[in-house]
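Structure first, commentary second.
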Amino acid sequence: TALIEALVTGDAGVADPTRVGARTWLMKKVHVGHDARIGDDCEIAPLVSVGGWVLIGNRVKVGQGAVFKPRVIVGDDAVIGCGAVVVSDVPAGEVWVGNPARLLRQAATGPVLTELEEQGWEEIAVETNTDWEEWWQHSRS
């Protein structure tokens, strides 16, 4: 059963029912558009707006205030940053941020997370920080 908090709205489906998967958490003031499907085990933060015909896969995490334009597909284990404006499909296991949303890095979830844990968190922090700094400098030029 999904956990749906106060002030969540959802439009009835036009062609298919609007669906929210098992163990998914829709926090306060989320809007789910018509014919949208949200997979199992997702976390959708407050003030997120999901457009019509959007497909969100399983185990997806969505930050506060993100917006999804109609008809986009978000793959399993993806992470969408706070305030992101998703205007194109997001492949599985990626972290997307910004307006318009774009790839930041691969998400550390599922098998990827297990592999990273086996390497040791100290190594991961250094590698991730370096990658992020390079991305940040490149994005500002």
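The values are calculated or read from the model by the stated rules, or taken from the named source; none is laboratory data. As the structure is a computational prediction, the values presented were derived from the model and not from experiment. Backbone-built Cβ (ideal geometry, glycine too); neighbour counts: all protein chains shown. Surface accessibility is based on the protein's heavy atoms, side chains included, excluding ligands, DNA and RNA. Shrake-Rupley method; radii C 1.70, N 1.55, O 1.52, S 1.80 Å.
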Open item on the list: Is it the case, given these coordinates, that VAL60 is in contact with a strand residue (DSSP E or B) (Cβ under 9 Å, 6 or more places away or on another chain), open to solvent by less than 50 Å² (accessible area, probe 1.4 Å) and not charged (D, E, K, R)?
Closed with: yes
- [ ] Just name the residue that is surrounded by the fewest Cβ atoms within 10 Å (Cβ to Cβ) out of those in the stretch 72-91 that are over 10 Å from the mean Cα position of the chain (by Cα) and within 22 Å of ALA22 (Cα to Cα).
- [x] PRO91
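Which residues, counting only those in the stretch 39-50, are under 17 Å from GLY81 (Cα atoms) and either surrounded by fewer than 19 Cβ atoms within 10 Å (Cβ to Cβ) or touching a residue at least 24 places away in the same chain (Cβ under 8 Å) (or both)?
GLU43, ALA45, PRO46, LEU47, SER49
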Task: In the stretch 1-34, residue most open to solvent (accessible area, probe 1.4 Å) [restricted to those that are more than 16 Å from the chain's Cα centre (by Cα) and closer than 17 Å to GLY75 by Cα] - done: ARG19
TODO: Looking only at the stretch 1-22, decide whether some residue is in contact with a His (Cβ under 8 Å, 6 or more places away or on another chain), assigned to a loop (DSSP other than H, G, I, E, B), among the small types (Gly, Ala, Ser) and over 19 Å from GLN64 (Cα atoms).
DONE: yes
Open item on the list: Being over 13 Å from VAL90 (Cβ atoms) and without any contact (Cβ under 8 Å) to a residue 24 or more places away in the chain is the filter here; which residues of the stretch 51-61 pass it?
Closed with: GLY51, TRP53
- [ ] Determine if the stretch 101-109 includes at least one residue that is of a type in the set (Val, Ile, Thr) and at pLDDT 95 or above.
- [x] no
